Amino acid sequence: FLTLIMGDEKGENTLAHGMAMLAALAAVALWAVIQYLFFYRQFGPRIHHPLFDPNNMAAVLNMGLLPSVALFMTTRERIKIFLWLGLVALFFAALISTQSRGGLLCGGVAMLLMLPFVILPLRRQWSKCASLLALFILVPAFMHVYGLFLHGDSGLAVNFLSAGMASVTDRVGLWRSTWKMISDHVWMGPGLGTFYYYYSFYRLPVDRSDGYFVHMDALQLWAETGVAAFVLFYAGVLALAWRTLHAIHIAPPEKARERAQVAATFASLLTVILHSHLNFSLYL
């Protein structure tokens, strides 16, 4: 980061590195879609390879999806419009293949916060908005039918709804037990990475999780390293939000595209921050 913001051509360097990272994310998304289409028996039903967990995969894919939407909405070159729309479809299909309810929820919230910066003026953007809406409907519909007839399973719609309450019960049980654990080590904690050593003593009978992660990063950091980590976690988030809003505020009206890019970058990070309250994206 420090290397990119120093020097005479920091804008160009940052853009080049950003595009390189987006290309790397696109490669991960492409592999996820290939797994779903052709290697479902080996890697399904919730695609996550090469990552540890499908929810972590969803968090990574959201970081590519949100900037791709912004690039699609702000470009005016015909070739790039089709390129970015194809990239949006790729990331969204990969996100669907993880079957991560939390990933879709957090990505949707961040998308709603980002859209005002990328769709205005609406009279010029209505066709692009219609294209996005059609894509967000047709991609999961195709994947559902594909899975239903070729994979022989119950389809994406049923898979998304199955085990939903069990997942919620496990997380609530984890959070309740972790709070009791925190009450015994409020200030310092037993040490980073020690959660699973102590959790079995506090585990509730309704909790069927593995017991390695709290599924809430801030709470796990507090449980392991004390209240200072909890405070610093949210201080970092607030600092990031303030800097983003400040950058958008000082940008002149003619810098609409730059404001959209700033909003999209923050939105992509926001998906991970939000998802870290349902999973362990940042902890890993």
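Numbers at a glance
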item	result
Asp210 vs. criteria at pLDDT 85 or above and of a type in the set (D, E, K, R)	no
Qualifying helices (runs of 4 or more DSSP H) (wholly inside the stretch 174-257; at least 2 residues being closer than 17 Å to Ser276 by Cβ and open to solvent by 30 Å² or more (accessible area, probe 1.4 Å))	217-225, 227-250
Criterion (within 22 Å of Leu274 (Cα to Cα), open to solvent by 80 Å² or more (accessible area, probe 1.4 Å) and not β-branched (Val, Ile, Thr)) met by exactly one of Phe52, Phe38	Phe52
Evaluation of Leu65 against (1) modelled with pLDDT of 90 or more; (2) open to solvent by 40 Å² or more (accessible area, probe 1.4 Å); (3) within 20 Å of Thr265 (Cβ to Cβ) (one fails), failing number	(2)
Residues being at pLDDT below 90, of a type in the set (Phe, Trp, Tyr) and over 16 Å from Ala264 (Cβ atoms) - total across the stretch 103-143	2
Filtered residue count, the stretch 200-226, keeping only those that are under 16 Å from Phe280 (Cα atoms) and not β-branched (Val, Ile, Thr)	15
Matching residues, the stretch 230-277, being under 15 Å from Asn62 (Cα atoms) and among the aliphatic types (A, V, I, L, M)	Ala263, Ala264, Ala267, Leu269, Leu270, Val272, Ile273, Leu274
Complete set of residues in the stretch 258-282 that are at pLDDT 90 or above and aromatic (Phe, Trp, Tyr)	Phe266
In the stretch 123-137, the residues that are open to solvent by 30 Å² or more (accessible area, probe 1.4 Å) and either at positive phi or within 21 Å of the chain's Cα centre (by Cα) (or both)	Leu133, Phe136, Ile137
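The values are calculated or read from the model by the stated rules, or taken from the named source; none is laboratory data. All figures in this text were calculated on a predicted structure; none of them were measured in a lab. All Cβ positions, even for glycine, are placed from backbone atoms using ideal geometry, and neighbour counts span all protein chains on display. Areas reflect the complete protein model, heavy atoms only, side chains present, ligands, DNA and RNA absent. Shrake-Rupley method; radii C 1.70, N 1.55, O 1.52, S 1.80 Å.
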